[in-house]
Amino acid sequence: MTVTSPGPETTTLGVDLGGTGTRVVVLDAGGHVVRQASVPTAVGEPGPAVEGLLAALTGIARGHDVSAAGIGASGPITADGIIDNRATLPAYTGVDLCRAVRQQAGWACVIDNDAAAAAMGEYAYGAGRGSRTCVTVTLGTGIGVAVITAGQLARAGDGTHPEAGHLAVRDAPVPCYCGLPRCWEQAASRTSLEGLVGGDPATAAAAARAGDARAARSFERYGQQVAAGLGTLLTLFRPDRVVLGGSAAQYLDLFAGPLTAALDRPPPFAWTPPIVAAELGDLAGAVGAAVLARSANPPAAEPPIR
């Protein structure tokens, strides 16, 4: 993602609201990041937290003609745009952040799940660009999944973002907090990879690339566990591209072969699109949130409260 000097054209603001840190970008019409910043995510009372976030956003946007803001937040996000995540975003749970943005800053605003925002970033300007249907899987502390077809995010029947990281699979080390005894998130998250390699994946990856057979087998097993859920998504959506993001995706070269092999099925059920690593890194969520703000016809801005 290119970072450029500010230009005169209208821009959108993208916010990636994470459990510990919040990343913000100002994105121009050509997809260039003209400003970016990171601030700690508040953990206190909602009132001061929202005030602090809005102050940070207006400060970062100063000097730019911002038309709208998009927020990607660690979900769940309700159908009417309210964060419902007391585990990692307690200060913002139950708060109508978009209403606050419209009232205090005067910008139109949209909010969505952080996995959806990251997927939109990759679809527009990263590893998913040029695809028609793209499945993006974020392999981090948990698993986030988003499906985009012709620029539109797949939605559940109630309008929310589907929690497709919680699929029933055969093998998982522990039951999941979602209620499944065998859940894909527990089988294929970065946490699971750490368990398979017995510690730091970076150290195991270096050993595997140097020829350590035991380390290589651990990544092979991880690829098979990623395939356990991804195979279901391929059957459901038949995408023309799969993008893998998150911290575990940096080891794709070590598990791509076993992953592809585990997905192999006979015709006419075989469906093996290209599986590629995400390109935007830490900026994907904020860039995607800015894209959502630009393309989702957000509610009209309200006059700022003075």
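Given the peptides 265-273, 13-21, arrange them by the average over their residues of other C-beta atoms within 10 Å, most packed first. Working shown, then result.
Working: 265-273: 10.3, 13-21: 22.1.
Ranked from most to least packed, the peptides come out as 13-21, 265-273.
Using just the Cα positions, wrap the chain in a convex hull and report its mean projected area in square nanometres, one decimal place.
Mean projected area for the chain: 16.5 nm², to one decimal.
Based on the mean of other Cβ atoms within 10 Å per residue, sort peptides 233-244, 125-136, 39-50 so the most packed one is first.
Order by mean packing, descending: 125-136, 233-244, 39-50.
How high is the relative contact order of the chain? Use alpha-carbon pairs under 8 Å, at least six apart in sequence, and give a whole percent. Could the numbers behind the result be given before it?
Details: 684 pairs, mean separation 70.6, N = 306.
Rounded, it is 23 percent for the chain.
With a 1.4 Å probe and every protein chain kept in, tell me what percent of the accessible surface of segment 212-256 is carbon plus sulfur. Walk me through the numbers on the way to the answer.
Numbers: 900 of 1840 Å².
The computed percentage sits at 49.
Roughly how many debye, to the nearest 20, is the charge dipole of segment 24-155 about its Cα centre, given +1 on each Lys and Arg Cβ, -1 on each Asp and Glu Cβ, and no other charges?
So the magnitude is around 240 debye.
I need the peptides 148-157, 113-122 ranked by packing, meaning the mean over residues of other C-beta atoms within 10 angstrom, with the highest value on top.
The most tightly packed comes first, giving 113-122, 148-157.
Let me check against my output: what whole-number percent is the relative contact order of segment 53-99, with C-alpha pairs under 8 Å and at least 6 apart?
22 percent
Give me D for segment 130-253 in µm² s⁻¹, whole number, from Stokes-Einstein with Rh from the Kirkwood sum over alpha-carbon pairs, 10 °C and 1.306 mPa s.
Working: Rh = 15.1 Å.
Estimated diffusion coefficient is 105 µm²/s.
Leaving out ligands, DNA and RNA but keeping every protein chain, what accessible area does Leu167 have, in Å² rounded to the nearest 10, with a 1.4 Å probe?
40 Å²
The values are calculated or read from the model by the stated rules, or taken from the named source; none is laboratory data. Small disclaimer: the values here were computed from a predicted structure and weren't measured. Cβ sites come from the backbone with ideal geometry, for glycine too, and all protein chains shown count toward neighbours. Keep in mind that these areas ignore ligands, DNA and RNA; they rest on the heavy atoms of the full protein, side chains included. Shrake-Rupley method; radii C 1.70, N 1.55, O 1.52, S 1.80 Å.
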